[in-house]
Structure formats: C-alpha cells, structure tokens
Amino acid sequence: MDTPTPAKDQFKAEDKMLPFKGQEAIESHILECFPYEYADKLYGQAMEIETETDEFTSVCPFSGLPDFASVRIAYVPDKDCLELRSLKYYLLSYRDVGIWYEHLVNRMLEDLVKACKPRSMTVEISCNPRGGLASTVIATYDKKRMGDLE
C-alpha cells in the first residue's frame with residue numbers, strides 16, 4: 001500500500017501573486033461634504049452618524065487575493081457631514097489596493113477626518129475569517145484630545 005503524499009507537498013502556489021495597486025490608487029480626493037446646519041446647537045453637537053457596509057473589499061498585499069470586510073464609520077460632525085455617494089466611491093477605490101488592515105483602518109480614518117473635520121470619529125473594520133481567524137481593527141480620533149490632523 002502506497003503512502004499518500006501530504007497535501008502540503010501536492011499543491012504549490014508556484015509563487016503566484018495576483019497584480020494589485022498601491023495606496024496611491026485610494027481616491028481620497030473624491031470625498032465630499034455638505035454643511036451641517038445644527039453645528040451650533042447643543043443637541044446637534046451631540047448627534048452621532050453611523051454608516052456601515054458589508055460590501056468592502058481590498059486585497060492582501062502579500063498574495064493579491066481579495067480580502068472582504070465590514071466597515072463601520074461613526075462620527076460626531078462639527079461643521080460638515082460626509083456625503084454618502086462620495087463615501088461609497090471612496091470605499092470602492094480600495095478594491096484593487098494591496099494594504100494590510102492595520103494600515104487601512106488608519107489611512108481611512110485620516111482621509112475621512114481630513115475631509116469632514118469631525119468632533120470625533122471611529123473607523124472599525126471587521127475582517128472576514130481567514131484560516132479560522134477573524135480580526136476587528138479599530139482606529140479612533142478625538143479633536144479635543146488630538147487636535148486637527150495635518
């Protein structure tokens with residue numbers, strides 16, 4: 001009786017890597033905002049906006065294989081609110097970008113804060129499991145503690 005060949009020795013990726021784009025392909029310039037009419041009201045200053053999608057994708061910067069995740073953006077606006085159509089196009093610009101989630105969440109936070117200059121913001125990326133491991137990566141900004149982003 002022949003001993004079967006272990007799977008790790010049967011299949012090779014042949015060092016295959018799918019092509020992908022760098023972070024320069026992220027289209028932060030398309031983010032648009034509109035004036036928040038309640039910025040000077042106490043109850044307006046306490047309002048939080050949450051936007052979620054489970055249709056986010058980028059690619060692994062090692063293999064080029066697609067990564068899928070849910071994105072949750074929560075922020076307290078100051079003078080401007082993010083316009084959702086432009087936010088959707090911004091999120092779509094990541095689909096061919098090779099980026100680690102730990103870098104992605106910070107890049108996204110920086111871009112969104114620069115666009116709308118909120119009082120505070122949290123970006124949460126919940127990654128679909130890979131190899132049985134699911135990851136959630138969270139980045140937070142608070143204008144009172146951190147000041148304006150440059």
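The values are calculated or read from the model by the stated rules, or taken from the named source; none is laboratory data. Remember, predicted model here, so these are calculated numbers, not experimental data. Heads up, the Cβs are rebuilt from the backbone with ideal geometry, glycines too, and the neighbour counts pull from every protein chain shown.
General observations
- Residues being at pLDDT 95 or above and outside any helix (DSSP H, G or I) - total across region 101-141: 16
- Residue match in region 59-77 (condition: without any contact (Cβ under 8 Å) to a residue 60 or more places away in the chain, buried (at least 16 other Cβ atoms within 10 Å of the Cβ), among the charged types (D, E, K, R) and under 15 Å from A115 (Cβ atoms)): no
- Selection of region 93-121 for residues being aromatic (F, W, Y) and buried (at least 16 other Cβ atoms within 10 Å of the Cβ) yields Y94, Y101.
- Here the condition is being hydroxyl-bearing (S, T, Y), assigned to a helix (DSSP H, G or I) and surrounded by 15 or more Cβ atoms within 10 Å (Cβ to Cβ); of Y90, Y43, it holds for Y90 alone.
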